[in-house]
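Asker: The structure's right below; bear with me while I get my questions together.
FYI, it's all coordinate maths here, none of it is from the lab. Since the structure is predicted, the reported quantities are computational estimates derived from the model, not experimental observations. Note that each Cβ is placed from the backbone with ideal geometry, even for glycine, and that neighbours are counted across all protein chains shown.
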Amino acid sequence: MATVDQRLRLIHQGEGHYRATLPAALENRWYLEVRGPDNDWRLTGEASLPAQGCAQIFL
């Protein structure tokens, strides 16, 4: 549903780790799409939220 889509910029934390802060707590099932800065690659997945503590996505 496009009305609940979120767009976040991932910030490099070093050693292959990236982080983004959500503007609000999310619940339910979400489809994820991570794209390169030039849209030359894309990774997809899904997550069930809320997660306990920090949610980690391994790609």
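Asker: Output wanted: per-residue J couplings in Hz (rounded whole) for region 5-17, from phi through Karplus 6.51 cos²θ - 1.76 cosθ + 1.60, θ = phi - 60°, x for Gly and Pro.
Answerer: Each residue of region 5-17 in turn: 4, 10, 10, 10, 9, 7, 9, 5, 9, x, 6, x, 9 Hz.
Asker: Work out, step by step, the length gained on full extension between Arg7 and Ala24: first 0.36 nm times the residue separation, then minus their alpha carbon distance; give nm to one decimal.
Answerer: Details: separation 17, 0.36 × 17 = 6.12 nm, distance 1.25 nm.
Working it through step by step, the gained length comes to 4.9 nm.
Asker: Sorted by mean Cβ packing within 10 Å, highest first, what order do the peptides 25-32, 9-16 take? Before the final figure, lay out each step's value.
Answerer: Details: 25-32: 10.6, 9-16: 8.2.
Peptide ranking by packing, descending: 25-32, 9-16.
Asker: Which cross-chain or sequence-distant (5 or more) residues have an amide H under 5 Å from the amide H of Tyr18, H modelled 1.01 Å from N in plane?
Answerer: Gln13
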